[in-house]
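S.K.: Have a look at the structure that comes next, please.
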Amino acid sequence: MYQFLIVAILSYIIGSLFTIGNGNRKYSLEFAKGFLTLLLSGFYLHSGLSYLMASVGVLAAQSRPIFSKVNGYSAEAVSLGIIFYMSPIMGVVLALFFIVLKRVLKEYDQAVFASCLTIPIMAFRTFRSDSFIIISSIIFASLTIQFWPPFLERRIKSVVLYNMAIGLGVLGFLILLYFNKYVYKGFGVQKDIIRHGPHHFKYVALTFDDGPDSVYTPEILDILKERDVRATFFLIGKNVSRYPEIAQRMVMEGHSIGSHTHSHKSLIPLSAKSTYKEIKNAEVAIEEATGIRPTLFRPPRGVYSSYARDLLKEERYTLVLWDLSAVDWAELAPKKIVANVVNKVKPGSIILLHDSGDLITYRGGDRHSTVKALPEIIDKLRTQGYEFVTIDQMIFLSELMETEEYLHEDYLSPSPAY
Ligand code: NI
């Protein structure tokens with residue numbers, strides 16, 4: 001993950017360039033900074049997260065550049081450069097919108113503020129990529145705070161306060177994301193939850209979350225078919241209702257399917273009634289499409305309430321988590337995704353990949369890297385002697401091995417020998 005830090009730091013330096021002893025910066029130069037920073041980060045690391053880090057870096061330099069004593073610059077030109085990189089059409093629309101508003105409102109500040117209100121709407125309409133939606137939100141937040149119009153009173157005049165607000169906002173958001181979605185792996189050993197299979201055989205399970213997707217899922221199914229691999233798909237009820245034929249294809253081609261809730265809501269804040277609905281609606285959607293009532297369940301983000309856990313037990317679901325994340329959610333380059341899996345795999349690994357979904361919604365997201373990485377993952381693991389099983393097969397094996405597992409107590413030993 002250190003590359004992402006490098007991207008952020010370099011972007012911050014780029015954002016601070018050309019300001020030495022000169023507080024009066026050119027609009028086109030600032031625009032170019034935003035655009036070029038993203039372009040460069042794309043060359044270095046083609047990943048959603050790297051664009052996000054680049055944007056944060058270059059924007060942060062706007063409020064506190066390292067080479068200049070002048071603080072509190074306006075960030076609109078840099079932001080426009082970033083937006084222009086993400087979507088030239090959106091950039092042009094935004095610029096035109098600004099020009100019109102400038103004529104109507106006469107005030108520069110008010111025109112920027114009013115046009116930035118359209119950013120989130122445009123972002124959600126234009127982008128499939130989660131990282132670009134987040135970048136747009138950050139730009140929106142920073143411009144809103146900076147150009148908070150006087151008629152709304154209590155304008156944040158203090159630069160320190162401004163920096164703190166932006167800093168805390170971004171930090172809070174990242175921490176939330178980090179813990180809520182990606183890091184949670186659970187604590188201790190829980191018997192009714194599966195994180196991996198027995199370590200005694202060179203079996204691994206490939207699992208795909210958030211689908212079906214109309215573009216990526218069929219591509220993944222083609223690859224699996226070509227290489228004669230069975231995987232497990234954790235499906236979102238709403239996506240199944242949208243693409244029932246893809247869910248049917250999974251079953252027909254011998255893959256296991258499980259439930260990943262109806263609309264990918266975190267189960268923790270949900271009421272008992274909503275939790276029940278999330279589980280039941282998905283069940284109905286999957287059963288309607290495939291004729292199979294799912295018995296495997298993977299909670300969104302790997303988190304669940306104790307109520308949900310009890311309910312799932314009652315409904316005879318098995319909770320399935322994972323012990324190896326390919327981190328493909330970050331839209332990493334394919335070779336990074338391959339390395340993440342191949343370097344960390346061990347016998348019994350349950351490997352987490354995604355065929356759909358993104359950071360914010362249960363649909364969309366660019367999974368083209370995952371598709372590209374998959375053939376190599378399969379080939380490399382096979383070269384290492386691994387075989388692929390579904391989660392159902394893995395559970396069967398686990399049950400067979402249960403006594404053995406207790407005898408060896410290998411999940412308690414720090415470095416089991418294979
Ligand atoms: Ni998910």
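S.K.: Just one of K273, K202, K265 is in contact with a strand residue (DSSP E or B) (Cβ under 9 Å, 6 or more places away or on another chain), at pLDDT below 95 and on the phi < 0 side of the Ramachandran plot; which is it?
M.R.: The match here is K202.
S.K.: Does L374 satisfy being within 13 Å of the chain's Cα centre (by Cα) and more than 15 Å from the ligand (Cβ to nearest atom)?
M.R.: Taking the combined requirement at face value, the residue does not satisfy it.
S.K.: Let me ask something else about it. So, in the range 207-236, of the ones that are in a strand (DSSP E or B) and not acidic (D, E), which residue ends up farthest from the ligand (Cβ to nearest atom)?
M.R.: T232
S.K.: Condition test on E253, is it within 25 Å of I378 (Cα to Cα) and free of Cβ contacts under 8 Å to residues at least 40 places away in the same chain?
M.R.: In short, yes.
The values are calculated or read from the model by the stated rules, or taken from the named source; none is laboratory data. Just so it is clear, the structure is predicted and the values come from calculations on it, not from any experiment. Here the Cβ is made from the backbone with ideal geometry for all residues, glycine too, and neighbour counts use every protein chain on show.
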